[in-house]
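Reviewing the structure listed below.
The values are calculated or read from the model by the stated rules, or taken from the named source; none is laboratory data. Just so it is clear, the model here is predicted, and its values are computed rather than measured. Positions of Cβ are backbone-derived with ideal geometry, glycine not excepted, and every protein chain shown enters the neighbour counts.
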Amino acid sequence: MEKKINSEELLSTIQLARTRTIGFVTFTKFIKKYGSASEAIRNVKTFLENRGIEITTRDKAEEELANTQALGGQITTLHSPEYPKLLSEIADPPIIISHLGDISKIQGKTVAIVGSRNASANAVSYSYKISTELAQNNYTIVSGLARGIDTAAHKGALDASNKDILPTIAVIGGGIDHIYPKENEKLFHKIKENGVIISENPLNVAPKSENFPRRNRIISGLSLGTVIVEAAIKSGSLITAKLAAEQGREVMSVPGFPLDARSEGTNKLIKNGATLVTNVTDIISAVNYSSGQLIKHPRKFILSEEEEKNFAQEIEPELISATIYDGSENNVVNLLDIITSQAIGIEEIAQQTSLSIAKVNSILIEHELNGEIIRQPGGQVCRKYYT
């Protein structure tokens, strides 16, 4: 039986997760190399400080944990046995998640329902209906606590009154101490008492537009499949659909009236291969849940160049990445193509790639950890070649 993560490891993981430039990729490399977050800190603290990166202090980690617990919440790490299994399988799961409610109750039968904030009355009613029916069939409903479709989905799951399951999970774009929108305060507390509220953000982080695309990957990542009930052509729900497809999860869409702009996105998803949904049986058949095993259905969604560009702008890649976008049409730039055996300054690399010095430093740390470059005096680097 797996042991619970100890307090030392929990605090060390919080320190790394809240450190600038350390994301999932680098964190995973640290754990693989050093065996634990606490050992990683002991081994890389000086290395990072010499490069202008200070690891979040133990005092700050303790403060965040204490304040979260004072709210009745908890922080769970990627390597905790309670961490949701489906979420751990995506390409970039959160290193830590803050939550209100018992996260250990999250099981495999989860379906996300998302859609327009400015939803039609019919769409709201339908979202409520299928959420209630899914909950009655022992499925947990995942959504984002937004107005419109999300609100109806959460309410439908709660009103199903199925005591055998966790009814609903709300993934929010701010810290768990921020209720947004304010009109959902009563719903927030009802989910806190009966379901789970999740965020990867620390406390005191207000909901911001830039947080929502990354929030959406958690919604789809927690779920066997995602149902889009109503969405305009530029809706954030289409980002969730794209993320679900990339994660190998089922994408489902409810058709709408062709002349209603609020249904342009959902209708296009169906054209591009999403499963058409007219009733709850369609959803249950599509996610194909069997003996607790996820049967993946990766789909290739055909998007225009403009749509791809919009998605790329919405979802900023992790800072630490050996391959980055330079903004050109051909777009892929590898820093190792720029760095040779001749020393080159970090400022020059930044100029050639149009990246900030902070981003260049973040990527260089990854290459340095891989033994691919060597730091030189005067803020310069060169390639490390093996003979």
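So the values come out like this:
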quantity: Residue that is surrounded by the most Cβ atoms within 10 Å (Cβ to Cβ), among those in the stretch 22-52 that are in contact with a Lys or Arg (Cβ under 9 Å, 6 or more places away or on another chain) and among the polar types (S, T, N, Q); calculated: 43
quantity: Verdict on residue 155 being basic (Lys, Arg) and surrounded by fewer than 21 Cβ atoms within 10 Å (Cβ to Cβ); calculated: no
quantity: Subset of the stretch 251-274 that is under 17 Å from residue 148 (Cβ atoms) and polar (S, T, N, Q) - its residue that is surrounded by the fewest Cβ atoms within 10 Å (Cβ to Cβ); calculated: 263
quantity: Selection count, the stretch 40-84, where residues are among the aliphatic types (A, V, I, L, M), within 23 Å of residue 192 (Cα to Cα) and not in a strand (DSSP E or B); calculated: 5
quantity: Any pair with Cβ under 8 angstrom, 6 or more apart, that starts in the stretch 177-190 at a residue that is in the same structural domain as residue 204 (by TED's automatic domain parsing) and ends at one that is of a type in the set (Phe, Trp, Tyr) and crowded, with 16+ Cβ neighbours inside 10 Å; calculated: 179/188
quantity: Breaking point among (1) in contact with a strand residue (DSSP E or B) (Cβ under 7 Å, 6 or more places away or on another chain); (2) assigned to a loop (DSSP other than H, G, I, E, B); (3) crowded, with 24+ Cβ neighbours inside 10 Å, for residue 175; calculated: (3)
quantity: Which numbered condition residue 228 fails, given (1) crowded, with 24+ Cβ neighbours inside 10 Å; (2) free of Cβ contacts under 8 Å to residues at least 24 places away in the same chain; calculated: (2)
quantity: Residue satisfying condition, being polar (S, T, N, Q), in contact with an Asp or Glu (Cβ under 8 Å, 6 or more places away or on another chain) and within 18 Å of residue 243 (Cβ to Cβ), within set 104, 88, 120, 116; calculated: 116
quantity: Single unsatisfied condition, residue 118 versus (1) of a type outside the set (Gly, Ala, Ser); (2) assigned to a loop (DSSP other than H, G, I, E, B); (3) not assigned by TED's automatic domain parsing to the domain that holds residue 214; calculated: (3)
quantity: Selection count where residues are part of a helix (DSSP H, G or I) and not β-branched (Val, Ile, Thr), scope the stretch 85-107; calculated: 6
quantity: Residue list for the stretch 1-27, restricted to those being assigned to a helix (DSSP H, G or I) and at pLDDT 90 or above; calculated: 7, 8, 9, 10, 11, 12, 13, 14, 15, 16, 17, 27
quantity: Residue within the stretch 183-205 that is crowded, with 19+ Cβ neighbours inside 10 Å, outside any helix (DSSP H, G or I) and either over 18 Å from the mean Cα position of the chain (by Cα) or on the phi > 0 side of the Ramachandran plot (or both) present; calculated: yes
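Condition check ((1) farther than 26 Å from residue 46 by Cα; (2) at pLDDT below 80; (3) polar (S, T, N, Q)) across all residues:
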{"position": "327", "(1), (2), (3)": "yes, yes, no"}
{"position": "341", "(1), (2), (3)": "no, yes, yes"}
{"position": "358", "(1), (2), (3)": "no, yes, no"}
{"position": "371", "(1), (2), (3)": "no, yes, no"}
